[in-house]
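Asks: So that we are looking at the same thing, I have put the structure below in structure tokens.
The values are calculated or read from the model by the stated rules, or taken from the named source; none is laboratory data. All values derive from a computational prediction rather than experimental measurement. Every residue, glycine as well, gets a Cβ built from its backbone with ideal geometry; the counts of neighbours run over all protein chains shown.
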Amino acid sequence: MTRRWLRWLPAAMVPAALTAAALAGSYQAGAAVSLPGKSAAEIIAMIGRSDVRALSGTLRQSSELGLPQLPSAGPLPSARPGANQGLAAVIELLGTPHTARIYLDGPSKARFQIMDTLAERDVVRNGKDLWLYNSADNSAAHITLPDAPAPGTRTPHAHVPADQDPKTPEMTTPEALAQRFLAAVDPSTEVTVGDPTTVAGRTAYQLVLKPRSTGTLLDSVTLAVDSASGLPLGIQLRAREQAAPAFSLAFSDISLAAPESSVFAFTPPRGASIEEKTVTSPVPVPESKHPAPGTHPAATRPTVTGKGWDTVVAFPAGVLPAGVRSAPAFAQLTQAVPGGRALSSSLVTVLMLDDGRVFAGMVPLERLQAAAAPQ
Amino acid sequence: MAARGGAAPGPAARAASASGRPGAWALMGSELSVLFRRLRTWAMLLALAAIPLLIATAVRLTSHPVPPARGPAFLDRISQNGLFVGMTAMLVSVPLFLPLTVGVVAGDTIAGEANLGTLRYLLVAPAGRVRLLLIKYAAAAVFCLTATVTVAAVGVLAGVALFPVGPVTLLSGDTIDVGESLLRSLLIAAYLAVSLLGLAAIGLAISTFTDIPVGAMAATVVLSVMSQVADNLPQLEWLHPWLFSHYWLDFADLLRQPISWTTFGGNALLQGGYILAAGAIAYGRFTSKDILS
């Protein structure tokens, strides 16, 4: 009889061993890493010195923004008319998990692939040619870039503080720049160095930016910086009163070798609808949180109240495209509040008043309402 | 089934005629010949082959072109390129038809023999219960590959016959020539076959618990449907990477340029885990049970 029960031993052991192996794998990924200690300024300087020009890797993005799930979680056909398409696309991009592959080779060759289920969205840049391709509706757009280097070719992570004279960076060392950056953000933000970690199999320093203000929804921003190359490998935004990160974007695998040049050679497929676009001015930097003055006509120029992380941006009436409010997604994403509708996520709140004014900020809804109240 | 006692010499007959332990390949060969001489197996393969034929004829007969982003993915590409028939057919058959046929074959493995009363003869020969399990599973695995390759091959043939054929557009927008696209179709068939291995192992395990093959088949198919339903519930997000059906639709990663092998590896690892776990349960049950029929 005992012999018979012994036969069942594998049935108990194998699942247990598999579970243990899976848990050990995930534990290993989060295991402590020992790296020589560095100060926050040294890590920022390392980012500034980073000279990674070629890479290929996979990015994983996940978010817990606390937004209601939209029924159409797939890629939206870019040809669909309607003013709300841009907004819905942005919410889809930020609010749902994605996997994307990125290939870079020098300043003028890049390819970005958002891998959707049974579909893909591509951005390919090869010299002056910029191609956008969406496999969901087999549409492509071709943009011929001007000769001058587009702003996208600059390292996007070297965030220059607003009060910095833009002409001087070439003259200063990354170390000095780091010190100036720290001094500039110090009144509003506490910059510390977190425990070293592993991202995509590479050891990385963690830089933690924590708002000093308690009035903001943001709890902390964590930046993982490759210990060897200084390349930022991941970013994580945490919200107050939420255990899971509100937004995280990180490499799941990365290689710093130059990708094959065939990756950047893109010819639109036969049968695709191709839209030809030309830009004479440099490509505008998309989705800037604080739009530079001058990009909006005077009538829709936003006013900024508060400072640091508590900033509330107020847009006068007329900034929302006409179709937005009537879109079905709008009613699902927002909730009715006195005087208008509000979009509340774990990081950002947007208050859209019935009179057309829009208030946005990384603050609770009450602060927006207070800012909207007539003084 | 008549085939067991009829013209096809089953493993029992072969095993009994050979002296000592029969060779594993001989057992495997006779098991496969029994499987593929069954009317039921052919009926299932024909039903699978009907899917690409149906898709191809339906698209061919409609006068107006399919608008993009409507219906299953790739459907709008078929009228321009016949090679997409196979891919559309594989996509359509993944959720139900392929698991259904695999469930029938895997659920029948042990329970079918028990129901016919041939199981004890199989075990009279010193073939060993473990070896019998392994051979039954290997035959089910061969059926998985046959089923997916059937869909892919009939799809390509139907596409070539009814539509123009040319370089294939991948999801990334890049174009590959006909030869490489055939290779990718085969890769997808292989990916789907691997995807079904876990389900086949579960079917085998269930099959050892009952003498009624229909029960094992139904249970296997129901499990595959339940796994897919759970995969669609956002509330069970933590469970998703552990479901054996989780990667079933991710074969699209083989249609990107360059090919993304990550899901292929992840899928193989997951199916391997299911094979080990279900195999251990099948072993526990089959080696400890009293074979009465």
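Asks: For the range B:244-262, which positions are surrounded by fewer than 20 Cβ atoms within 10 Å (Cβ to Cβ) and more than 9 Å from chain A (Cβ to nearest Cβ)?
Replies: B:Ile259, B:Trp261
Asks: Can you give me the number of residues within the range A:101-116 that are assigned to a strand (DSSP E or B) and surrounded by fewer than 20 Cβ atoms within 10 Å (Cβ to Cβ)? I'd like the intermediate steps shown before the answer.
Replies: Of the residues in the range A:101-116, the ones assigned to a strand (DSSP E or B) are A:101-105, A:109-116.
Filter once more, so that each one left must be surrounded by fewer than 20 Cβ atoms within 10 Å (Cβ to Cβ): A:102, A:112, A:114.
Number satisfying all stated conditions: 3.
Asks: Quick one: would you say A:Arg212 is of a type in the set (Lys, Arg) and modelled with pLDDT of 80 or more? Before the answer, list the steps.
Replies: Details: of a type in the set (Lys, Arg): yes; modelled with pLDDT of 80 or more: yes.
Here the answer is yes, as A:Arg212 does meet what is asked.
Asks: If you don't mind, another one. I need a count of the residues in the range B:263-293 that are more than 8 Å from chain A (Cβ to nearest Cβ), touching a Lys or Arg at 6+ places or on another chain (Cβ under 8 Å) and among the β-branched types (Val, Ile, Thr).
Replies: Summing the residues that are more than 8 Å from chain A (Cβ to nearest Cβ), touching a Lys or Arg at 6+ places or on another chain (Cβ under 8 Å) and among the β-branched types (Val, Ile, Thr) in the range B:263-293 gives 1.
Asks: Another one. Would you confirm whether or not the range B:52-61 contains a residue that is of a type in the set (Gly, Ala, Ser) and surrounded by 18 or more Cβ atoms within 10 Å (Cβ to Cβ)?
Replies: First, pick out the residues of the range B:52-61 that are of a type in the set (Gly, Ala, Ser): B:56, B:58.
Within this subset, residues satisfying the condition of being surrounded by 18 or more Cβ atoms within 10 Å (Cβ to Cβ) are B:56.
Yes, there is a match, as at least one residue in the range B:52-61 is of a type in the set (Gly, Ala, Ser) and surrounded by 18 or more Cβ atoms within 10 Å (Cβ to Cβ).
Asks: I would also like to ask the following. Testing B:Gly86 on (1) within 14 Å of another protein chain (Cβ to nearest Cβ); (2) closer than 19 Å to B:Leu255 by Cα, one condition comes back false. Which one is that?
Replies: All conditions are met except number (1).
Asks: I'd like the residue in the range B:162-178 that is within 11 Å of chain A (Cβ to nearest Cβ) and either charged (D, E, K, R) or not in a loop (DSSP other than H, G, I, E, B) (or both) and, out of all such residues, is surrounded by the most Cβ atoms within 10 Å (Cβ to Cβ).
Replies: Residue satisfying both the conditions and the ranking: B:Thr169.
Asks: Can you tell me which condition A:Ala54 does not meet? The list is (1) more than 14 Å from chain B (Cβ to nearest Cβ); (2) modelled with pLDDT of 90 or more; (3) crowded, with 18+ Cβ neighbours inside 10 Å, and all the others hold.
Replies: Unmet for A:Ala54, out of (1) more than 14 Å from chain B (Cβ to nearest Cβ); (2) modelled with pLDDT of 90 or more; (3) crowded, with 18+ Cβ neighbours inside 10 Å: (3).
Asks: Right, another one. Being within 14 Å of chain B (Cβ to nearest Cβ) and closer than 30 Å to A:Thr222 by Cβ narrows it down to one of A:Ala21, A:Ala40, A:Ala11, so name that one. Can you show your working first?
Replies: On the way: A:Ala40 fails: within 14 Å of chain B (Cβ to nearest Cβ); A:Ala11 fails: closer than 30 Å to A:Thr222 by Cβ.
A:Ala21 is the lone residue from the list that is within 14 Å of chain B (Cβ to nearest Cβ) and closer than 30 Å to A:Thr222 by Cβ.
Asks: Considering each of B:Ala200, B:Ala190 in turn, give the residue that is within 12 Å of B:Leu145 (Cβ to Cβ) and either over 15 Å from the mean Cα position of the chain (by Cα) or surrounded by fewer than 20 Cβ atoms within 10 Å (Cβ to Cβ) (or both). Lay out the reasoning, then the answer.
Replies: On the way: B:Ala200 fails: either over 15 Å from the mean Cα position of the chain (by Cα) or surrounded by fewer than 20 Cβ atoms within 10 Å (Cβ to Cβ) (or both).
Unique residue meeting the criteria: B:Ala190.
Asks: Here is a further query. Go through the residues of the range B:232-249 one by one and say whether even a single one is in a helix (DSSP H, G or I), in contact with a Leu (Cβ under 6 Å, 6 or more places away or on another chain) and at negative phi.
Replies: The first filter runs over the range B:232-249 and keeps only residues in a helix (DSSP H, G or I), leaving B:234-242, B:248-249.
Next, from what is left, pick out any that are in contact with a Leu (Cβ under 6 Å, 6 or more places away or on another chain): none.
No, the range B:232-249 contains no residue that is in a helix (DSSP H, G or I), in contact with a Leu (Cβ under 6 Å, 6 or more places away or on another chain) and at negative phi.
Asks: Take the conditions closer than 23 Å to B:Lys289 by Cβ, in a loop (DSSP other than H, G, I, E, B) and either charged (D, E, K, R) or modelled with pLDDT under 95 (or both) and apply them to B:Ala114. Does it pass?
Replies: Values: closer than 23 Å to B:Lys289 by Cβ: yes; in a loop (DSSP other than H, G, I, E, B): no; either charged (D, E, K, R) or modelled with pLDDT under 95 (or both): yes.
Here the answer is no, as B:Ala114 does not meet what is asked.
Asks: Given the criterion touching a helix residue (DSSP H, G or I) at 6+ places or on another chain (Cβ under 7 Å), in contact (Cβ under 8 Å) with a residue 60 or more places away in the chain and in a helix (DSSP H, G or I), identify the matching residue among B:Gly279, B:Gly284.
Replies: Working: B:Gly284 fails: in contact (Cβ under 8 Å) with a residue 60 or more places away in the chain.
The conditions single out B:Gly279.
Asks: Those residues that are more than 11 Å from chain B (Cβ to nearest Cβ) and either buried (at least 20 other Cβ atoms within 10 Å of the Cβ) or touching a Pro at 6+ places or on another chain (Cβ under 8 Å) (or both), I need them from the range A:129-146; list them, please.
Replies: A:Leu130, A:His142, A:Pro146
Asks: Right, another one. Could you grab the pairs with beta carbons closer than 6 Å, sequence gap of 6+ or different chains, first residue in the range A:119-135 and closer than 13 Å to B:Leu171 by Cα, second one charged (D, E, K, R)?
Replies: Every condition considered, the pairs that remain are A:Tyr133/A:Asp122; A:Asn134/A:Arg121; A:Ser135/A:Glu120.
Asks: OK, next. For the range A:253-268, which residues satisfy the criterion of being within 18 Å of A:Ala100 (Cα to Cα), surrounded by 13 or more Cβ atoms within 10 Å (Cβ to Cβ) and at the interface with chain B (Cβ under 8 Å from one of its Cβ atoms)?
Replies: A:Asp253, A:Val263, A:Phe266
Asks: Taking strands (runs of 3 or more DSSP E) that fall entirely within the range A:326-375, which contain at least 1 residues that are charged (D, E, K, R)? Walk me through how you get there before you give the answer.
Replies: Details: elements: A:335-337, A:340-344, A:349-353, A:358-361.
Those strands (runs of 3 or more DSSP E) span A:340-344.
Asks: Starting from residues that are among the hydrophobic types (A, V, I, L, M, F, W, C) and facing another protein chain (nearest Cβ under 9 Å), keep the ones in the range A:92-128 and report whichever is nearest to the chain's Cα centre (by Cα). Quick ask: steps written out before the conclusion?
Replies: Step one: filter the range A:92-128 for residues among the hydrophobic types (A, V, I, L, M, F, W, C), giving A:93-94, A:100, A:102, A:104, A:110, A:112, A:114-115, A:118-119, A:123-124.
Of the ones still in play, those that are also facing another protein chain (nearest Cβ under 9 Å) are A:115, A:118-119, A:124.
On the way: A:Met115: 16, A:Leu118: 23, A:Ala119: 21, A:Val124: 19 Å.
It comes out as A:Met115.
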